[in-house]
Amino acid sequence: KVIYRKEYQVPAFLLERTELTFELFEDHAVVTSQLHLRRNPEADSGAALELNGQELELLEIAIDGRELAPDEYHRDDELLTIARAPAQCVLRCRTRIHPQDNTSLEGLYKSRTMFCTQCEAEGFRKITYFPDRPDVMSVFDVTIEADQALYPVLLSNGNPAPPEALANGRHRVRWHDPHPKPAYLFALVAGDLHYVEDRFRTCGGRDVTLRIYVEEKDLDKCAHAMDSLIQSMRWDEETYGREYDLDIFNIVAVDDFNMGAMENKGLNIFNSSCVLCRPDITTDAGFERVQAIVAHEYFHNWSGNRVTCRDWFQLSLKEGFTVFRDAEFSADMGSRTVKRIEDVSLLRTAQFAEDAGPMAHPVRPDSFIEISNFYTVTIYEKGAEVVRMIHTLLGPDLFRQGSDLYFERHDGQAVTCEEFVRAMEDASGVDLSQFRLWYSQAGTPRLVASGHYDAGAARYTLTLRQSCPATPGQPHKEPMTIPVALGLLGTAGNLPLRLADDQPGGETADNTHRVLELSREEQSFCFEGVMEAPVPALLRGFSAPVTLEYDYSTADLCALMSREADGFVRWDASQQLALRVLSDTQGQLAADSAVVVEPQFLEALGALLADPDLDPAMVAEMLRLPAEGYLAELAAGQGGADVDIIHQARQMLRSTIASAHADLFADCYQRLVTSAPFAPTAEQIGARSLRNMCLDYLALDGAEGLQLAQSQFDTATNMTDRLAALQAIAQHGPDQQRDAALARFYADWEQETLVVNQWLQVQAAMPVADALERVRALLAHPAFDIRNPNKVRSLIGAFSNANPVNFHRADGEGYRLLADIIEQLDSRNPQIAARLLTPLTKWRNYRGRGEQMRAQLQRLAAMPTVSRDVYEVLDKALA
Ligand code: ARG
Ligand code: ZN
């Protein structure tokens, strides 16, 4: 059944208060609710009371103390309807559920020894009958009763009252959350947990107790998350004026979790992979991820909880804004340019692909079948880009005024994306009416730029043209407002900018930076006083989520790479140059002719490696060739991708770079040796990243490099260096060295689940001939467990997304393997099953493979029962 945004109706009843009691037992739980209901004055006065509920055993239902007769309510698989409820009443309801058997990891379930919940988006309805929609908000009083020895810690949202001992070794804790919230922000945890504690004093003088709850063995892995939390709280006060609003803030780490983490009010629940850190088991990327996700969930306290979504079509209201907030936080904590590069890489590989495929949808979708399928890179990452563009168009000061107005105006409300844009408009006076199209139009806009230099008039004219491809249900698109940040590069640096019809004064002191607003299909911008033919540096900082075409010469790209002021453009020029070289190489391989690599490209890379004054983190990013998945995505638009040629071309280019610059890589590797004790600081992370990039090229170049990798593997004391060495050996080493290193790594870390998951991932991504057989064998290894989403992602997700030559094996076995797993998972955990389908939905992109991919989709569609989640993806992919 398809749900449409335009069919939104206000709830018939509002909730004044919710009282919940949970009695937890080993084979079931009983949930008792008392809902203090009141008819919504804004709803149709005859509308029925509707309560959502799934897989519930109803034990009792009463209104104002009187048990309902069977003909006073109606019940189906999803809804309990009471046609004539009093305008004001207390509905009492008892249900029995079985958290121990809940494999969907949605609602109340058991992860190892603890009970926990995941209610967003529609999990609460698997706990009890309830108006499970984000625009029904209430104050919650929660009582939890459980065995005292097995579950000494009982947590929920808000503040606790002192615990009470009960008969039979049981105990009880009551929690009160004074902030009205929708059911999706409810949380409960019960387990034998230990905690790390710290404090934070807010700008308004509130003393907040901060706790991170984990299993005892993980107590020494919480320090970084706690630091990150404190940094986030301070940053949100300083940057957005947002103060925390309860006396306690709890985080709990859970091993079995469908997503990264969840922002439940005052009780954030985290996938343990997104909170636990220790230098010997966590890579730098892991440290950065923990910092970003802790911040993301904390920032939701305002952008999501205090101001929430009216309905799930507005999901990007909280997710896009919060991703933008956490990205800016990470940029402030570490390297701004590198953070931007990482985010744009994700956007280009995953989001542009989604926008060009069968699942394309606007940032504010018009319809869905299963909302869980819409926690997408479009809602999150493109949504964040849309907020970033507003920030660019308004400037930081007006943007802050807009966000202040938004929070003030809508505190305690459930609102829409429209309210967010309106607050930005009202505070700034900027008209965003055309800009709103970014919320309603799917697809990645295409920007074509061309320049004309008139030496006699010292005038440079830049012409920009926009278009947007058709997407499912949207054949025709209107031109949008596109902020194009730019500079003009001359031989001695960036040139001062003066537009012909200009008001005096620019945006930087030296007047070399502008943001142009493209709003028509085609527009020309005329710069005066340009004394030499410039190279345009377009989309500085990636000012809009678009593809850009400009006919740069190789020399232009080299100039941008070495002299442009904007770090993002410098990196982007290196990528464009690499793409050009890769496409030449592919052509040469396909034509069976000799491969010749553009010397200017090799020279430019050599210059980067030789310059010790450059930022190592930037150099590492510029040496990283575009991923095979991205190359396939680009080729899809040009007659279909040939995975084998793409892989060969990329490998060949990497080998050529490795041997051309063997000495520079070795020098650079040695130069970056440090004796400083490990710290996940931007400076150290940058140095390690370039050093390990050098190691990878060195190992690719031959025995000497492999030896270096082996010695780094044997002596490394932090996981970043150890895993990088393992990866270099696994990717480039001879079988024996590789298998020995993998065995050693497993023996060392068998007891640390998160490290074992990395080990699974390395093997799943190895481009060796028998990778698929290895993955099949690992499915039976004690380290694997299909019930745990992290393990499924590490093995199956990595195989199908990060091992293109093996996933796309000519015999179709890669596709069959993925479909086998999805078939097994669909009845257990539909959310994960649907997510795993993504690579198969791209069947139209692959030359010579599409039919085999499609056959597996059809096989899944023919299963006797298909979850709603998987059904929706199959339906759209096969349409
Ligand atoms: N709101 C969470 C976050 O982004 C994610 C929840 C995902 N839930 C789901 N059913 N997919 O921080
Ligand atoms: Zn979020």
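The values are calculated or read from the model by the stated rules, or taken from the named source; none is laboratory data. Note that the structure is predicted; figures quoted are calculated from it, not measured. Positions of Cβ are backbone-derived with ideal geometry, glycine not excepted, and every protein chain shown enters the neighbour counts.
Would you mind finding the one in 311, 245, 255 that is surrounded by fewer than 24 Cβ atoms within 10 Å (Cβ to Cβ), of a type outside the set (Gly, Ala, Ser), in contact (Cβ under 8 Å) with a residue 60 or more places away in the chain and within 16 Å of ligand 1 (Cβ to nearest atom)? Answer to the selection: 311.
The residues of the stretch 105-120 that are assigned to a loop (DSSP other than H, G, I, E, B) and either more than 24 Å from the chain's Cα centre (by Cα) or surrounded by fewer than 20 Cβ atoms within 10 Å (Cβ to Cβ) (or both), listed by number, are 112, 113.
State which residue pairs qualify: first residue more than 13 Å from ligand 1 (Cβ to nearest atom) and inside the stretch 285-306, second residue among the hydroxyl-bearing types (Ser, Thr, Tyr) and in a helix (DSSP H, G or I) in any location, beta carbons under 6 Å apart, and separation of 6 or more residues or different chains. Sorted first by the residue in the stretch 285-306, then by its partner, the pairs are 291/228.
The residues of the stretch 121-138 that are more than 14 Å from ligand 1 (Cβ to nearest atom) and either more than 13 Å from residue 185 (Cα to Cα) or part of a loop (DSSP other than H, G, I, E, B) (or both), listed by number, are 127, 128, 129, 130, 131, 133, 135, 136, 137.
So that you can scan it fast, the table gives a plain yes or no per residue for (1) part of a helix (DSSP H, G or I); (2) within 16 Å of ligand 2 (Cβ to nearest atom); (3) over 21 Å from residue 160 (Cβ atoms); (4) touching a Phe, Trp or Tyr at 6+ places or on another chain (Cβ under 8 Å):
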| site | (1), (2), (3), (4) |
| --- | --- |
| 210 | no, no, no, yes |
| 224 | yes, no, yes, yes |
| 232 | yes, yes, yes, yes |
| 238 | yes, no, yes, no |
| 246 | no, no, no, no |
| 250 | no, no, no, yes |
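Screening the candidates 145, 60 for the property of being buried (at least 17 other Cβ atoms within 10 Å of the Cβ), part of a strand (DSSP E or B) and more than 16 Å from ligand 1 (Cβ to nearest atom) yields one hit, 145. Can you name the condition, by its number, that residue 488 falls short on among (1) in contact (Cβ under 8 Å) with a residue 60 or more places away in the chain; (2) outside any helix (DSSP H, G or I); (3) buried (at least 21 other Cβ atoms within 10 Å of the Cβ)? Status for residue 488: all satisfied but (1). Considering the conditions (1) within 13 Å of ligand 1 (Cβ to nearest atom); (2) in contact (Cβ under 8 Å) with a residue 60 or more places away in the chain; (3) surrounded by fewer than 22 Cβ atoms within 10 Å (Cβ to Cβ), residue 333 is excluded by exactly one of them, (1). Listed by first and then second residue, the pairs linking a residue in the stretch 395-418 that is among the acidic types (Asp, Glu) to a residue that is crowded, with 17+ Cβ neighbours inside 10 Å, with Cβ atoms under 6 Å apart and 6 or more places separating them unless they lie on different chains, are 411/306. For the stretch 595-699, the helices (runs of 4 or more DSSP H) that sit wholly inside it and include 1 or more residues that are at pLDDT 95 or above and more than 30 Å from residue 812 (Cβ to Cβ) are 599-610, 616-623, 643-660, 662-671. Evaluated against (1) away from ligand 2 (no atom under 16 Å from the Cβ); (2) under 23 Å from residue 281 (Cα atoms); (3) in contact (Cβ under 8 Å) with a residue 24 or more places away in the chain; (4) not hydroxyl-bearing (Ser, Thr, Tyr), residue 197 falls short on exactly one condition, (3).
Report, by residue number, each residue of the stretch 584-626 that is under 19 Å from residue 648 (Cα atoms), out of contact with any helix residue (DSSP H, G or I) (no Cβ under 8 Å at 6 or more places or on another chain) and not hydrophobic (A, V, I, L, M, F, W, C).
Listed by number, the residues that qualify are 584, 587, 588, 592, 593.
The residues in the stretch 400-438 that are out of contact with any Lys or Arg (no Cβ under 7 Å at 6 or more places or on another chain) and surrounded by 22 or more Cβ atoms within 10 Å (Cβ to Cβ) can be counted, and the count is 7.
Of the residues in the stretch 292-305, none is assigned to a loop (DSSP other than H, G, I, E, B), more than 16 Å from ligand 2 (Cβ to nearest atom) and within 24 Å of residue 377 (Cα to Cα). On the given criteria, is residue 536 part of a loop (DSSP other than H, G, I, E, B) and modelled with pLDDT of 95 or more? So residue 536 fails the test.
Residues of the stretch 158-168 that are closer than 26 Å to residue 247 by Cβ and either without any contact (Cβ under 8 Å) to a residue 12 or more places away in the chain or surrounded by 24 or more Cβ atoms within 10 Å (Cβ to Cβ) (or both): 162, 163, 164. Does residue 325 satisfy being surrounded by fewer than 23 Cβ atoms within 10 Å (Cβ to Cβ) and either at pLDDT 95 or above or within 13 Å of ligand 1 (Cβ to nearest atom) (or both)? In short, no. Just wondering, is there one or more residues in the stretch 712-727 that are of a type in the set (Val, Ile, Thr), crowded, with 21+ Cβ neighbours inside 10 Å and over 24 Å from residue 615 (Cβ atoms)? Looking through the stretch 712-727, none of the residues is of a type in the set (Val, Ile, Thr), crowded, with 21+ Cβ neighbours inside 10 Å and over 24 Å from residue 615 (Cβ atoms).
Here residue 265 fulfils each of the conditions (1) away from ligand 2 (no atom under 16 Å from the Cβ); (2) touching a strand residue (DSSP E or B) at 6+ places or on another chain (Cβ under 8 Å); (3) outside any strand (DSSP E or B); (4) of a type outside the set (Ser, Thr, Tyr) apart from (1). Taking first residues from the stretch 357-380 that are near ligand 1 (Cβ under 10 Å from one of its atoms) and partners that are in a helix (DSSP H, G or I) and not charged (D, E, K, R), the Cβ contacts under 6 Å between residues at least 6 apart in sequence or on separate chains come to 371/312; 372/831; 373/834; 379/315; 379/316; 380/323. Scanning the stretch 811-834 for residues that are touching a residue at least 60 places away in the same chain (Cβ under 8 Å) and more than 16 Å from ligand 2 (Cβ to nearest atom) gives 828, 829, 830, 832, 834. Checked against (1) crowded, with 24+ Cβ neighbours inside 10 Å; (2) in contact with an Asp or Glu (Cβ under 9 Å, 6 or more places away or on another chain); (3) assigned to a helix (DSSP H, G or I), residue 316 passes all but a single condition, namely (2). Being surrounded by 17 or more Cβ atoms within 10 Å (Cβ to Cβ), touching a helix residue (DSSP H, G or I) at 6+ places or on another chain (Cβ under 6 Å) and touching a residue at least 60 places away in the same chain (Cβ under 8 Å) is a property that holds for residue 183. The single condition from (1) buried (at least 20 other Cβ atoms within 10 Å of the Cβ); (2) away from ligand 2 (no atom under 16 Å from the Cβ) that residue 43 fails is (1).
Can we say residue 281 is more than 16 Å from ligand 2 (Cβ to nearest atom), assigned to a loop (DSSP other than H, G, I, E, B), among the aliphatic types (A, V, I, L, M) and on the phi < 0 side of the Ramachandran plot? Yes. Taking the listed residues 274, 203, the one that is hydrophobic (A, V, I, L, M, F, W, C) and without any contact (Cβ under 8 Å) to a residue 24 or more places away in the chain is 274, with no other qualifying.
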